[in-house]
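The values are calculated or read from the model by the stated rules, or taken from the named source; none is laboratory data. Fair warning: this is a prediction, and the values are worked out from it, not measured in the lab. A quick note on method: Cβ atoms are made from the backbone with ideal geometry, for glycine too, and the neighbour counts reach across all protein chains shown.
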Amino acid sequence: MSVELLNFIETVLNGLMSGVMYSLVALGFVLIFKASGVFNFAQGVFALFAALTLVGYQTGQVPFAHLINELFGTNYHNWYASMPNFLAILLTMVTMIALAWIIERLVLKHLVNQDPIILFMATIGLAFALEGVGDLMWGSDVKVLDVGIPSGGSIWLEEATIGLAAEGSDYYGMYVDVLNIWATVIAVILVVTLALFSQYTKTGRALRAVADDHQAALSVGISLRSIWILVWAISGFIAMVAGIMWGTESGVQFSLSLIALKALPVLILGGFTSIPGAIIGGLLIGVGEKLAEIYIGGYFETGALENWFAYVMALVFLLFRPQGLFGDKIIERV
Amino acid sequence: MIYKETGQYKSSYKSDHAIFPLLQDKIAFSTLMFIAFLIIPFVINSYWEKAILVPFLIFSLAAIGLNILTGYCGQVSLGTGGFMAVGAFSTYKIMTYFPDMNIMIIILISGLITAAVGIIFGLPSLRIKGFYLAVATLASQFFLVWLFNKVPWFYNYSDTGQITVSERTMFGIPVTGAEAPSYATYLFCLVLVVVLSFAAKNLIRSKMGRSWMAIRDMDIAAEIIGVPPLKTKLSAFAISSFYIGVAGALYFAVFLGAIEVTESFDIMTISFPVLFMIIIGGLGSMLGSFLGAAFVVTLPIGLKFLMVDMVGLSAVTAKHFEITIWGLLMIVFLIVEPHGLARLWSIAKEKLRRWPFPY
């Protein structure tokens, strides 16, 4: 195989893997949108909050330590030195479920039957509030998140591919981050579990019923509110997984919440209402972005196409299919 | 008693169509204009100019622009920062190519350029709506900021990527640059804001404004009764972008003087705060744009005073509180009063009508 071809494969492979990360975030959006019709702009901040909380539990930070110390002149920082990863993740999950419950009680309950766009703006407010609370609780410094997922280049793959190039060519093998491979595996497990859950359990069926038709679901005795809490908790859980992955890669800091902005083009490409759409959209955007960076980025001499390329890609796509790749057909009536 | 309209007869179409049909409104407005034009310029100091009045005026303009698009025409936009950047960079480029041009004309031309850019980015609105459109406008935000950051022609190949305003005068008094006196920059912004607000108010009352509202309320029905969606949506994008572009030009030329595009026109520093302004102020209300801008500009100052100076929190913690309070306020407003401060004002007027009598 020629070096160009191998490089191309490497780019596509890396694109697919970063696409998985986008899909993870997009999945949380889709779940909430399907079940409650809310476009949850706060999904990225959810991921940030989950990651912050996880680090906080791991290192035993006292919540609101900065605030307490500044108000009362005390000097609290940590309860304990460390906590096992498993326990910390479990506690974070409990926190995310509690958060879902609080959001349902304080925000969603009061906004039932409002315009979707009002709900959307409410979630922008939610994003700000949660970000502020996260910073107040755990501090805004960049934190290292390590739950034992290995990272760095895969040496095995590098050695395995080095022989593929033609004899005598200058090829050093493919570079693929192990973390991304793990992310892919975890994402696949997550999606399969979700699919099984929604297909074969009673709650899962209730979930799909609500997604299909609120009114009909209510009339057969499904409690809309408990389903909403459940859905927000599940997407809180997905946000946690995404937060762990992204946090391990680039540290837990404010910019983590911006992954929501990365997931938006994925959503419009895949359609707001389709789980397969979120996954395939994520993969498409991941690959498209990486290929554009390498094959088109060169012409601009400026690089950093990543910030907007996905958006333009999704936008061009929208002109032809306004409901996205797999979205429900939009039927409008007066 | 205070706000009664009894006895105020309208005997001609002209008086019926007045912007302020009631005597009380006329008096209040004239008093406001009197204070704004004839008192404040004499007492203004640098702090009031830089911290409150000039940002308030500039953001009012941006809020009016976004309100035209989102509040009146129903097209949610998150790309305000990008469009303000277009205004700022057009001003900068025109300034370098035409050193003798009057600053007022430069700023208005920048507005027109932004309007053209707005039309281009408004094109997707013909096919997509709602969330899809909101996300699409984010594309304009990212693309425009990237463009101004990465293409050196826009910042005249300077090493830092910053653009800096040079001194320009109106009637011999500098209004841009470091030497500009407080009253001059204030009056310059004030004149633009007053003139453009009247223009916007009248546009909204015209055929164009009514077709915007028809599209907002139900676009298919509007199309069936003969409102052309293409023309209406694009005109809303153009006019909204014009206002936002002028605001961006003022933000750069008069207020900041030197900007770095990724910091000054970020989605967090411009796009969302301007969206707050129109939500808190009131969607689809001119008064709301001003109230919202005033609220958003003064609240951080008030909060900082309260938390840093009174309670003694550090600036970082205070900042976190500020973000939290913004978010909570937005949610509270959406739940309690989705029509914003403007609605509260009209409730107050209703109360004042019969106060102190119960009926």
- Query: Residues in the range B:1-44 that are in contact (Cβ under 8 Å) with a residue 60 or more places away in the chain, outside any loop (DSSP other than H, G, I, E, B) and surrounded by 11 or more Cβ atoms within 10 Å (Cβ to Cβ): how many?
  - Reply: 5
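Looking at the range B:103-129, which of its residues are within 22 Å of the chain's Cα centre (by Cα) and at the interface with chain A (Cβ under 9 Å from one of its Cβ atoms)?
Step one: list which residues in the range B:103-129 are within 22 Å of the chain's Cα centre (by Cα), which gives B:103-122, B:125.
Within the range B:103-129, none qualify.
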- Task: Find the residue count for the range B:320-345, including only residues that are assigned to a loop (DSSP other than H, G, I, E, B) and either more than 9 Å from every other protein chain (Cβ to nearest Cβ) or more than 15 Å from A:Ala122 (Cβ to Cβ) (or both).
- Result: 2
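Would you mind stating whether B:Phe142 is surrounded by fewer than 22 Cβ atoms within 10 Å (Cβ to Cβ), farther than 16 Å from B:Tyr251 by Cα and under 23 Å from the mean Cα position of the chain (by Cα)? Quick ask: steps written out before the conclusion?
Details: surrounded by fewer than 22 Cβ atoms within 10 Å (Cβ to Cβ): no; farther than 16 Å from B:Tyr251 by Cα: yes; under 23 Å from the mean Cα position of the chain (by Cα): yes.
It is false that B:Phe142 is surrounded by fewer than 22 Cβ atoms within 10 Å (Cβ to Cβ), farther than 16 Å from B:Tyr251 by Cα and under 23 Å from the mean Cα position of the chain (by Cα).
Among the residues of the range A:98-122, write down those that are more than 7 Å from chain B (Cβ to nearest Cβ) and either in contact with a Leu (Cβ under 9 Å, 6 or more places away or on another chain) or within 19 Å of A:Leu256 (Cβ to Cβ) (or both). Full working, then the answer.
As a first pass, look at the range A:98-122 and keep what is more than 7 Å from chain B (Cβ to nearest Cβ): A:98-106, A:108-109, A:112-115, A:119.
Result: A:Leu99, A:Ala100, A:Ile103, A:Leu108, A:Val112, A:Gln114, A:Leu119.
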- A:Gly56 being touching a Pro at 6+ places or on another chain (Cβ under 8 Å) and of a type in the set (Gly, Ala, Ser): yes
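Would you confirm whether or not the range A:204-217 contains a residue that is of a type in the set (D, E, K, R), at pLDDT below 80 and under 23 Å from A:Asn14 (Cβ atoms)?
Restricting attention to the range A:204-217, the residues satisfying the condition of being of a type in the set (D, E, K, R) are A:205, A:208, A:212-213.
Still in the list and also at pLDDT below 80: A:212-213.
The next check asks that each one be under 23 Å from A:Asn14 (Cβ atoms); those that pass are none.
Scanning the range A:204-217 turns up no residue that is of a type in the set (D, E, K, R), at pLDDT below 80 and under 23 Å from A:Asn14 (Cβ atoms).
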- Note on the structure: Cβ pairs under 7 Å, 6+ apart or interchain, first in the range A:285-296 and under 13 Å from A:Met21 (Cβ atoms) and modelled with pLDDT of 80 or more, second surrounded by fewer than 17 Cβ atoms within 10 Å (Cβ to Cβ) and not charged (D, E, K, R), ordered by first then second residue, are A:Val287/A:Val12
- Quick one: is B:Leu313 more than 17 Å from B:Phe276 (Cα to Cα), within 9 Å of chain A (Cβ to nearest Cβ), buried (at least 16 other Cβ atoms within 10 Å of the Cβ) and hydrophobic (A, V, I, L, M, F, W, C)? yes
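Please enumerate the residues belonging to the range B:255-273 that are touching a Phe, Trp or Tyr at 6+ places or on another chain (Cβ under 6 Å) and either within 14 Å of another protein chain (Cβ to nearest Cβ) or assigned to a helix (DSSP H, G or I) (or both). Break it down stepwise before answering.
Initially, the range B:255-273 is screened for residues touching a Phe, Trp or Tyr at 6+ places or on another chain (Cβ under 6 Å), giving B:259, B:261.
Scanning the range B:255-273 gives a single hit, B:Val261.
Can you pull out the helices (runs of 4 or more DSSP H) entirely within the range A:1-112 that have at least 3 residues that are modelled with pLDDT of 80 or more? Quick ask: steps written out before the conclusion?
Values: elements: A:3-36, A:43-59, A:65-72, A:85-106.
Those helices (runs of 4 or more DSSP H) span A:3-36, A:43-59, A:85-106.
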- Just need a number here: residues in the range B:57-103 that are surrounded by fewer than 22 Cβ atoms within 10 Å (Cβ to Cβ) and out of contact with any Ser or Thr (no Cβ under 7 Å at 6 or more places or on another chain). 8
- Query: Can you tell me which of B:Thr160, B:Thr137 is more than 25 Å from A:Gly324 (Cα to Cα) and among the polar types (S, T, N, Q)?
  - Reply: B:Thr160
- Query: Of the residues A:Gly73, A:Gly134, A:Gly125, which single one is within 14 Å of another protein chain (Cβ to nearest Cβ) and more than 28 Å from B:Phe276 (Cβ to Cβ)?
  - Reply: A:Gly73
